[in-house]
Amino acid sequence: IKKHEEFEKSSLAHDERIKQLSDQASKLIHSSHYDSTRIGVSRDDIIDRRQKVKQLSSERAKNLQNSLAWQKFRRDADEVKTWINEKLKVATDDSYRDPTDLSGKLQKHQAFEAELSANKGTVDTVCKTGNALVDAEHFHSDEIKVIIMTLSQDWDKLTRASKEKGLRLKEANELHQFLRSVEDELVWMREADALLSNEDIGKDLQSVRFLLKKHQQLEADLSLHKEQVKSLENQAKQLTQAKHFDSQTIAKKAKELTKR
């Protein structure tokens, strides 16, 4: 493009020279020069050739600008595609299956989704630029259409994967809380079993009163824990019905809790 601009600048000097030659030829013709016919033909030929050069120059300038627009669009589209592919790797990993620091992972995913939202404008801009080139009947329109379609599909895939991962992280957190609550209940049940299976009925008044008080407390706790177990059973049912990604573990733990 720079070389063509230099060419057009140099052509301006030729325009002035051609104008001088044309004026000189016209004067000779008007003065009835003996070779007026040939002078007129030569003048017209020079002017015609200059017009053709201008037309070719204009077409080349247009083609170069179209080529520049294509190269810029392709560069921007490649950058967006590379970025999407990198983010897609993050969005499709199975880190949610590792219960370590789920709270931190949820916060990190929120930041990830915010990053996607912040970059949506860039994706839209590239697609808008491509559509403008297609509307202008750019000579690479067919390729541009394919690129736009691919970018749109990749972006949709990324946003769906991000949404899915967010749901999985929430499910993983629910699973973690559920398993911890179930384990707390199982621990209490084992302690209650140990207390109930104890054959010690006391050796004196004081020890009997102590054991009786412990038993009364156990019976009071039993009512509370029955409600907790019922709540966990309902939670397990809801999670499995919602097709939790680890429904099998949930059902297994719920069954273990019910048997106890």
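The values are calculated or read from the model by the stated rules, or taken from the named source; none is laboratory data. Note that the coordinates shown come from a computational prediction; the quantities given were computed from them, not determined experimentally. Using ideal geometry, Cβ is built from the backbone for each residue, glycine included, and neighbour counts are taken over all protein chains shown. Note: areas computed on protein heavy atoms with side chains; ligands, DNA, RNA excluded. Shrake-Rupley method; radii C 1.70, N 1.55, O 1.52, S 1.80 Å.
Condition check ((1) modelled with pLDDT under 70; (2) of a type in the set (S, T, N, Q); (3) at negative phi; (4) open to solvent by less than 90 Å² (accessible area, probe 1.4 Å)) across all residues:
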{"position": "Ala13", "(1), (2), (3), (4)": "yes, no, yes, yes"}
{"position": "Ser32", "(1), (2), (3), (4)": "no, yes, no, no"}
{"position": "Gly40", "(1), (2), (3), (4)": "yes, no, yes, yes"}
{"position": "Ser58", "(1), (2), (3), (4)": "yes, yes, yes, yes"}
{"position": "Ala61", "(1), (2), (3), (4)": "yes, no, yes, yes"}
{"position": "Arg75", "(1), (2), (3), (4)": "no, no, yes, no"}
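(1) modelled with pLDDT under 90; (2) open to solvent by less than 70 Å² (accessible area, probe 1.4 Å): which one isn't true of Leu179, the others all being true?
Condition not satisfied by Leu179: (1).
Failed condition for Arg74, given (1) farther than 16 Å from Thr122 by Cβ; (2) in contact (Cβ under 8 Å) with a residue 60 or more places away in the chain, with all others met?
The single condition Arg74 does not satisfy is (1).
If we keep just the residues of the range 89-109 that are under 16 Å from Leu158 (Cβ atoms) and not hydroxyl-bearing (Ser, Thr, Tyr), which is most open to solvent (accessible area, probe 1.4 Å)?
Within the range 89-109, the subset under 16 Å from Leu158 (Cβ atoms) is 89-93, 109.
Next cut, not hydroxyl-bearing (Ser, Thr, Tyr) only: 89-91, 93, 109.
Working: Lys89: 150, Val90: 62, Ala91: 6, Asp93: 55, His109: 16 Å².
Only one residue tops the list, namely Lys89.
Specify which of the listed residues (Glu115, Glu171) is open to solvent by less than 50 Å² (accessible area, probe 1.4 Å) and either part of a helix (DSSP H, G or I) or farther than 30 Å from Ser231 by Cβ (or both). First the steps, then the outcome.
On the way: Glu115 fails: open to solvent by less than 50 Å² (accessible area, probe 1.4 Å).
Matching residue, one of Glu115, Glu171: Glu171.
Within the range 123-168, which residues are open to solvent by 60 Å² or more (accessible area, probe 1.4 Å), not small (Gly, Ala, Ser) and not in a helix (DSSP H, G or I)?
Passing the criteria: Glu137, Phe139.
Residue check: is Glu86 within 28 Å of Leu169 (Cα to Cα), in contact (Cβ under 8 Å) with a residue 24 or more places away in the chain, of a type in the set (Asp, Glu) and open to solvent by 50 Å² or more (accessible area, probe 1.4 Å)? Give the steps one after another, and end with the answer.
Details: within 28 Å of Leu169 (Cα to Cα): yes; in contact (Cβ under 8 Å) with a residue 24 or more places away in the chain: no; of a type in the set (Asp, Glu): yes; open to solvent by 50 Å² or more (accessible area, probe 1.4 Å): yes.
Against the criterion (within 28 Å of Leu169 (Cα to Cα), in contact (Cβ under 8 Å) with a residue 24 or more places away in the chain, of a type in the set (Asp, Glu) and open to solvent by 50 Å² or more (accessible area, probe 1.4 Å)), Glu86 does not qualify.
Can you report the number of residues in the range 215-240 which are modelled with pLDDT of 70 or more and open to solvent by less than 90 Å² (accessible area, probe 1.4 Å)?
Step one: list which residues in the range 215-240 are modelled with pLDDT of 70 or more, which gives 221-240.
From what's left, open to solvent by less than 90 Å² (accessible area, probe 1.4 Å): 221-223, 225, 228-229, 231-236, 239-240.
Count: 14.
So which of Lys128, Lys157 is of a type in the set (Lys, Arg), closer than 27 Å to Asp76 by Cβ and touching a residue at least 60 places away in the same chain (Cβ under 8 Å)? Working first, answer last.
Values: Lys128 fails: touching a residue at least 60 places away in the same chain (Cβ under 8 Å).
Checking each option against the conditions leaves just Lys157.
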